[in-house]
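Working notes, structure below.
The values are calculated or read from the model by the stated rules, or taken from the named source; none is laboratory data. It should be emphasised that the depicted structure is a prediction, and the values quoted were computed from it without experimental measurement. Backbone-built Cβ (ideal geometry, glycine too); neighbour counts: all protein chains shown.
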Amino acid sequence: MERKEIEAYLNRLSDLLGRRNTVGEIVLFGGAAMVLAHQARVSTKDVDAIFVPKADVYAAASEVTREYGAPEGWLNDAVKGFLSDRAETLPLLDLPHLKVFVAAPEYLLAMKCMSMRIGKDETDIRDIRFLIRQLGLRRAEAVLEIVEKYYPRNRIQPKTRFAIEELCQEHESS
């Protein structure tokens, strides 16, 4: 899904929530945040988010799927397994019946680092590279400090630490 598609889906979601006399809230993470808030890439396969009221938003998202031919599960909350209780968000869109927020760049970087799929999908690595550059980070210690701001040190896997070190070495030499 590209930016215009996601925006159309969110606008329609707002309209459908309005028909239910409901105002929803949604926080975007992952690829949708990279596409909409950071213009870091052109598309994403889905919209990883948390939202309320959950049942109403899911019902409206199903209608969007039918009306627009959006991919099944285009809006999902699978990201909830990577949430931190120290989450930081920023406002992104203020639609009539849907308030859209996005993970703050540091928090998004921490989440991306914690969920990175090494060797399976280079998208995570590209997103992490982008966020490291955007935040002006140079050293692995600085990146890990951000990750530890949101997640306990003992939850950070060794493979994640090694990948961050490698990405920062690569960034220094370029």
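Take residue 49 and decide whether it is in a helix (DSSP H, G or I) and of a type in the set (A, V, I, L, M).
no
Quick test for you: out of 69, 24, 73, pick the one residue that is surrounded by fewer than 16 Cβ atoms within 10 Å (Cβ to Cβ), farther than 24 Å from residue 106 by Cβ and in contact with an Asp or Glu (Cβ under 7 Å, 6 or more places away or on another chain).
Within the list 69, 24, 73, the selection yields 73.
From the list 50, 118, pick out the single residue that is under 27 Å from residue 153 (Cβ atoms), in the same structural domain as residue 15 (by TED's automatic domain parsing) and in contact with a Lys or Arg (Cβ under 7 Å, 6 or more places away or on another chain).
Answer to the check: 50.
Could you tell me how many of the residues in the range 54-85 are among the aromatic types (Phe, Trp, Tyr) and not in a helix (DSSP H, G or I)?
Summing the residues that are among the aromatic types (Phe, Trp, Tyr) and not in a helix (DSSP H, G or I) in the range 54-85 gives 1.
Can you tell which of 110, 140 is crowded, with 19+ Cβ neighbours inside 10 Å, within 25 Å of residue 27 (Cβ to Cβ) and small (Gly, Ala, Ser)?
110
Can you tell me which residue within the range 113-137, out of those that are surrounded by fewer than 17 Cβ atoms within 10 Å (Cβ to Cβ) and touching a helix residue (DSSP H, G or I) at 6+ places or on another chain (Cβ under 8 Å), is farthest from residue 90 (Cα to Cα)?
118
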